[in-house]
1. Where does the charge balance sit around residue 575 when Lys and Arg score +1, Asp and Glu -1, over other residues with C-beta under 11 Å from its C-beta?
2. If each of residue 148 and residue 257 carries a label point 7 Å out from its Cα toward its Cβ, how far apart are those two points in nm?
3. In percent, what relative contact order does segment 506-662 have, based on Cα pairs under 8 Å that are 6 or more apart in sequence?
4. Which value in nm describes the separation of the simple spin-label points at residue 234 and residue 578, placed 7 Å from the Cα toward the beta carbon?
5. Taking just the alpha carbons, could you work out the radius of gyration and Dmax for segment 589-652, both in angstroms?
6. Find how much the distance from residue 202 to residue 652 grows on full extension, using 0.36 nm per residue of separation minus their present alpha carbon separation; answer in nm with one decimal.
7. Using a 1.4 angstrom probe, figure out how much accessible area segment 17-63 has per residue, in square angstrom, rounded to the nearest whole.
8. Using only the Cα atoms of segment 176-230, what semi-axes does the equivalent ellipsoid have when each is the square root of 5 times a gyration tensor eigenvalue? Give whole Å, largest first.
Amino acid sequence: MFSAEQIGAESRRWEVRIGSAVEGTDGRAGTVRQVVVCPRTREVTHLIVERGFLPRQEVLVPVEAIASAEDGVVRLRLSVAELQARPRYEAGAFVAPDAGWEAPAGYAPGEVRFALPGPLAALRRLVPAREGRGEQPPGGGAAPALAAGTRVECRDGRLGEVALVLLDPATRRATHIVVRERGLFGRHLIVPTDWAAALERERVVLDVGRDQLDRLPEYRPDDVIQSEAEAALWEEPPLRWLDLPTVRVEVRDGVITLRGHVVNRTHRARAERAVRRVSGVLGVRNELVADDDLALAVAGALGRDPRTHGQRIRVEAFQGIVHLRGEAPAGAVLAAAEEVAAAVPGVRTVVNLLVAPDAAAPPRVLLPPVGVPAYATDGEVGRVEAVIMSPRTRRVTGLVVAGAFAPEGPEGPESEAPATRRVVVPSEAVERAAPGGVDLRLSGAQVARLPAYRAEDFVLPDPGWQPPFEYARQDVRFALDAAGARRPELVATPSGVVASEREHPAAGGLLPIQRGQRVVCRDRELGPVDHVLVDPATQRVTHFVVRAGAHLPKDTLVPIDWVAAVEEDRVVVDAGAAQLEALPAYVPPRTDEAIAADVRERLRAAPATAAGRAAVAVAVADGVVTLSGTVPDEATRREAVRAARPAPGVWEVRETLEREAE
């Protein structure tokens, strides 16, 4: 039993016994298994409530959430859903009291737990106090200032001395002390001030014994914890042989986060147990994805999607890479299966080995690391700075490589010294990707001639988008397809409607996109579809246009590759509003004659080409501008190319300009 005051009611005593049923506002919620007690005040602060059977869950419920407790039933002010959202009870974050400690009336020592220092995630954000400041422990009063060197005793005798006093930066009150144990190899323990029975100027007396103190975490740097956690995983042979290449250990504020992929849920649990044994660990967040769970999730998604429901598709997963095998009746089903599998959380990429009568060979799977050297056939050319990825299939389509390349195109003479710049390397040009570097199928000279990386043509993924392991969000770029938006051969479909997949099949087996459908992104609804653009050579939809409105400042051209799903009344885009706003505006195609007139006007307005000494002729075919004639010098040649490029509708600028004979 313990006393607690009801909100808005008089104080009373409640009977909360171990084994009592727990009810939420809308039904049975669980059973009381243990209670959490403050050692200093001997007050119950939380209930440990057990829920479910398989899997069993234990949650922490503060006493403030109790509405009543009588006749063996504890009634909460929380619904069952609200209780489910409460923090989980982690056994490693609590300790049983010393055998000689007198438990509150109505409880046996085994039914009581003390909370180890916490909250775990915030513990190492506490700041050390400066000596002589006189900060007080929680509760204020006349307690003396804690200082480094103060002797610390426990129920079993001398423990050590205070090494640091940790303060809550918001309240400037001491919440924990770091105690240096006696002896040459003594640890640095983080002890809550709530565990102190007495705080005196010459000593601190703790109301716990050695058994409880041995469970306390050490005060250790994150980098040391990470190194020892990685070593602990290496010492587990099954993990070392199968999983370590795709497991990452991150440590922040003493809390370990495990990310990546393991072969099964047994290995997932084994990895967590291994790192929990590391000294100084305050908590473990296990975000590892088990391949067996991933394969089941993908199979379930394929069974629920109407495009793949009923198809005989075998799903396998290894290190987060999903393999699809079997036969599909058409290429549209094959493409839809890949799209559905790629959308399942935790999938790194998809190897689509399905066979269909009208399907081409599947593209190669590529997961190049970021930050490693890039090697041409004749030597190192730079470093991989980012990968370009399809939002829909999560497939890497290109790399951003930074290196010292000769200036690109006609604007730089061959004699000019190489300069550091970035180029876009298509995935087809990659021979091999390994942790030590990326090998290209191109020579250094060929790499230098690749298209330049222009930041305005790409965008970071939405913050809510989960990148594949082992990429971070900042490692990935989505192509805005600014070049595709300028392709003059793309045509709008009649009446802006895709009548059927047979006439105008959408990429990836999507349902037809029609005028007027609502376009929805991760953040909000954007506006209606105006029309789609089709490549006449392949008869495939490549883009669709979203009309400007309250949530979109311009008519926007969206690549079909950004579409996550097409439903009867809406098109779902797998990006955020910020990414959509960065896409290029839709500009109706211009005729070659209009483009040529515009370029001639720009040349007349440019200072170098308007001086009368340049004789530049302009020809345009399918948006490709060709400049011919003579110019007085190299600077004028460059100015002519620069003046022509920004003209709307220009797809490429070529030149055969010659310098005047000196």
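The values are calculated or read from the model by the stated rules, or taken from the named source; none is laboratory data. Here the structure is a predicted model, which is why all the values come from computation and not from measurement. Cβ coordinates were reconstructed from backbone atoms using ideal geometry, including for glycine residues, and neighbour counts include every protein chain displayed. Only protein heavy atoms, including side chains, enter the accessible area calculation; ligands, DNA and RNA are left aside. Shrake-Rupley method; radii C 1.70, N 1.55, O 1.52, S 1.80 Å.
1. Numbers: positive: 392, 522; negative: 462, 523, 561, 574, 581.
Cβ neighbours under 11 Å give a net charge of -3.
2. 3.2 nm
3. RCO, segment 506-662: 16 percent.
4. For the pair residue 234/residue 578, the computed spacing is 3.8 nm.
5. 11.0, 34
6. Stretched fully, the residue 202-residue 652 segment lengthens by 153.9 nm.
7. For segment 17-63, the solvent-accessible area averages 48 Å² per residue.
8. Numbers: eigenvalues 119, 27, 24 Å².
Equivalent ellipsoid of segment 176-230: 24, 12, 11 Å, largest first.
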